[in-house]
Each structure stands twice: as C-alpha cells, then as structure tokens.
1. Convert each backbone phi in the stretch 247-255 into a coupling constant with the Karplus relation 6.51 cos²θ - 1.76 cosθ + 1.60 (shift: θ = phi - 60°), then list the ³J(HN,Hα) values in order as whole Hz, x for Gly and Pro.
2. What FRET efficiency would be calculated for the residue pair Ser203, Ile111, taking the C-beta separation as r and a Förster radius of 51 Å, to the nearest 0.05?
3. Residues with amide H under 5 Å of Asp213's amide H, sequence separation 5 or more or different chain, H placed in the peptide plane at 1.01 Å from N; which?
4. Just to be sure I understand: with springs between alpha-carbon atoms less than 10 Å apart, which residue in Gly386, Gly332, Gly96 has the highest mean-square fluctuation in the Gaussian network model of the chain?
5. So how strong a dipole does the stretch 250-380 carry about its Cα centre when Lys and Arg Cβ are +1 and Asp and Glu Cβ are -1, to the nearest 20 debye?
6. What full-extension length gain, to one decimal in nm, is calculated for Val297 and Ser122 as 0.36 nm per residue of separation minus the Cα-Cα distance?
7. To the nearest 20 debye, what charge dipole does the chain have about its Cα centre, counting +1 at the Cβ of each Lys and Arg and -1 at the Cβ of each Asp and Glu?
8. Which of Met34, Met1, Tyr338 sits closest to the plus end of the dipole of the chain, meaning its Cα is farthest towards the positive end, when Lys and Arg get +1 and Asp and Glu get -1 on the C-beta?
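Read the figures in this text as sums done on the coordinates, not as results from a lab. From a predicted model like this one, the values you see are computed outputs, not experimental measurements. Here the Cβ is made from the backbone with ideal geometry for all residues, glycine too, and neighbour counts use every protein chain on show.
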Amino acid sequence: MGIWSCLGTTLEQVCDSLYSGKSGIILDSARKEMGFRSGLTSFVPAPDLKGELPRAQRVYMPEPAQYAYCATRDALKDAGIDQEYLDTHEVGLLYGNDSTADAVYNSIAKIVEKKDTMLCGSGAIFQSMNSTVTMNLGVIFRLKGINLTVSGACASGSHAIGLGALLIQSGLQDMVVCGGAQEVNPAATGSFDGISAFSTRESEPTKASRPFDRDRDGLVPGGGAATVILESYESAKRRGAKILAEVLGYGFSANGDHISSPNVDGPARSLEMAIRRAGVRINEIGYVNAHATSTHVGDANEAKALLKVLGEKTVPITSTKSQTGHEMWMAGASEVVYSMLMMKNGFIAGNINFENPDEDSAHLLIPATTIERKFDTFLSNSFGFGGTNSTLIIRDVR
C-alpha cells in the first residue's frame with residue numbers, strides 16, 4: 001500500500017492521524033476570494049518531484065498524477081517490487097480518476113488570452129486527458145499489462161480495486177497496480193460549490209465534515225492518491241511477498257434513478273452482492289467503512305441500506321470522511337488503506353463530529369471516538385454520481 005493524503009504522506013503518519021482523530025480540513029481563503037460559497041477543503045501537500053523525476057516526465061503530470069506517482073512509488077516499495085521485476089513481468093494498472101479540471105482550465109485560458117494554441121505547451125494534452133494518471137504511471141514505471149483508467153465518479157478507486165481482483169481471479173493478470181487519485185484545486189470543485197453541495201461551517205473547519213450526524217450541512221472536498229498492489233496468491237508466494245490481506249468480495253450495482261440523489265435499493269444490492277461473493281456471514285464483518293459524505297440524503301439512504309442488509313447495530317460503522325472530507329475519485333482506494341491500517345493495528349477510528357444521530361443513523365453502531373477493536377474482515381462502500389455503487393470486502397491474511 002501507499003498513500004498521499006491530508007492525513008499524512010506515509011502509512012505511519014496516516015495511521016497515527018486515524019488513531020488520534022486528526023482532521024485534515026482547513027479553510028482556504030483563496031476560494032472565498034474566487035467567489036466560492038464555501039472555502040472549506042482538505043489540505044494535501046504538493047509533492048516535490050524535481051530531484052526524483054526528469055522534467056521531460058514532470059511536464060506531462062497534472063496534480064492527480066503527481067499524487068498517484070508518490071502513492072504508487074511507495075506501494076511498490078512496500079510490496080518489495082523493484083524496476084527489474086516490472087521490466088520482466090506483465091504488471092497491470094487500473095486507476096480511478098474522473099477529472100483533470102485544472103489542467104483543462106489552464107490550457108484553455110492560455111488559448112483565450114494569447115490567441116495561440118501553441119502556447120499551451122507540449123504537456124497540455126497529456127495533462128488534460130482523463131486517462132492522464134494511468135498514462136503517466138504506465139510510462140514512468142514501464143508497466144506492460146492492462147493500462148486503463150476507471151472513471152466511475154466517487155466509486156472510481158473502489159471499482160479499480162474490484163476490477164483488478166476480477167482480472168487476477170480470471171487468470172488474465174498475476175499482478176495489478178490499483179488505486180484512485182483526486183485533484184484538490186478549486187477548478188475541480190467549483191461546480192460542486194455552485195450546487196450548494198459543500199458544508200458552510202467555516203467557523204470550525206475541523207468540525208465541518210459530519211457524516212451521519214443530524215446537523216450535517218454538506219460535504220467537504222478532499223483528495224490525494226492511494227495505491228494498493230493486488231497479486232495472485234501463487235505469484236505472491238513465489239516471490240516471498242509480504243501478504244497483507246485478501247480481496248474476498250466485490251459487489252457493484254447501478255441505481256437506475258436520479259443522476260445525483262442516491263436511493264436505497266442500489267447500494268443495498270451492491271452490499272448484498274459483495275457479501276454473497278465473499279461467502280461471509282454478517283457476524284464475520286468486523287468493521288464497515290461507510291461511503292457517508294456528510295450530505296443529508298446520501299447519508300440517510302446509505303444508513304437505510306446498511307440497516308436493511310446488516311441489521312440494527314450489528315457491526316461498528318464509521319466514515320473516515322469525517323477526518324478527510326470527501327476524497328472523491330480517490331476515496332474508494334484510500335478508504336481501503338485507512339481500513340487496512342485500522343485492521344493491522346487493532347483499532348477503529350471514530351466517526352469524529354458524530355454528536356447527534358438522526359432517525360436513520362440511530363439504528364447503526366457508530367463510535368464517535370477511536371475504539372480498541374481487533375477485527376479480521378472489513379467492508380468498504382463507495383457510491384458515485386449517476387448511481388454507480390461499489391462494495392469491497394477484505395480479509396486479513398490467515
């Protein structure tokens with residue numbers, strides 16, 4: 001695993017932040033000056049890649065590709081995989097990404113201002129394509145297997161992991177680099193702000209993201225990147241790899257309904273499919289990392305779906321978005337990493353800012369502060385605009 005997050009840029013830093021209940025959310029005054037209704041955002045440090053990658057590679061990399069490079073570099077190191085291995089094996093790449101808004105805006109602004117398309121620069125086209133992350137990672141690490149961007153809104157990172165597992169299970173790949181990346185710049189989120197999707201609790205930035213809480217008033221945008229290396233059991237054993245966990249089940253569904261408002265049936269079917277494919281009983285699931293983004297309808301309908309499928313107060317459920325905000329295209333991958341860190345270290349990070357349940361979340365077991373709890377199986381939900389749903393069930397190595 002590797003991660004570049006508002007909670008830290010190493011697994012150790014992120015684990016400490018999760019355990020201590022640290023929030024990565026700030027108030028960005030520049031957004032207010034631009035006319036944003038909400039200036040809230042997570043703070044993700046910009047990578048400095050000047051001493052690591054040549055300019056000829058950096059010029060093609062927009063913000064999400066830079067985050068994804070850092071997360072993937074660290075994940076490969078964590079997996080004990082060097083460039084020689086990548087050069088001699090067909091390693092695949094599936095990465096979730098659904099925007100490169102800043103790169104598109106910058107190139108068009110130059111054309112409009114200068115009236116000359118050549119002034120966009122040679123890297124503009126590669127930065128602005130939606131496949132920029134897999135394009136850059138595939139070239140930098142010289143990957144030779146499948147190379148594909150998974151574009152599924154806020155379920156992108158989760159779908160990438162689920163699809164990677166299916167490719168390995170089908171025998172088409174022995175190893176796939178999977179993950180999700182999200183840009184954090186204002187260009188990526190202005191339209192969200194324009195539909196009043198964001199919290200305006202600006203006087204208390206760290207308390208603004210309140211999944212499942214009665215007084216939630218909208219999500220907070222975040223981002224970064226997270227990478228996991230998936231590999232067949234046989235391949236991992238052959239090379240003496242440190243196996244962390246197993247993808248047991250991947251469930252998916254579509255709501256077939258409203259483009260932005262989620263329903264209950266779609267998420268419930270995704271949950272049921274993942275549980276069925278994983279072959280686990282409800283009481284074997286030790287933790288649920290909910291999608292819950294801190295919106296009124298989204299959290300309420302997910303709570304209803306969780307109650308329908310899992311039952312009343314059967315398993316601890318939290319949303320790490322209370323600490324990170326909504327990491328959007330990255331979230332499905334980062335929340336697997338967050339849940340893995342909890343599982344490996346025997347705790348469940350609290351759903352911070354959960355002070356008052358509403359009529360739906362009152363039926364769920366939602367700890368507001370960190371609890372010491374050993375578990376060996378977790379479920380992670382990710383849902384996106386357009387009604388795309390993804391659920392992963394992951395079990396500790398046995």
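1. 7, 8, x, 10, x, 8, 6, 10, 6
2. Values: r = 40 Å, r/R0 = 0.79.
The pair Ser203/Ile111 has a calculated efficiency of 0.80.
3. none
4. Maximum among the listed residues: Gly386.
5. Values: 11 positive and 15 negative charges, 100 e Å.
Around 480 debye, computed over the stretch 250-380.
6. Values: separation 175, 0.36 × 175 = 63.00 nm, distance 4.37 nm.
Result for the pair: 58.6 nm of gain on full extension.
7. Numbers: 36 positive and 44 negative charges, 97 e Å.
Dipole about the Cα centre, nearest 20: 460 debye.
8. The residue sitting most towards the positive pole is Met1.
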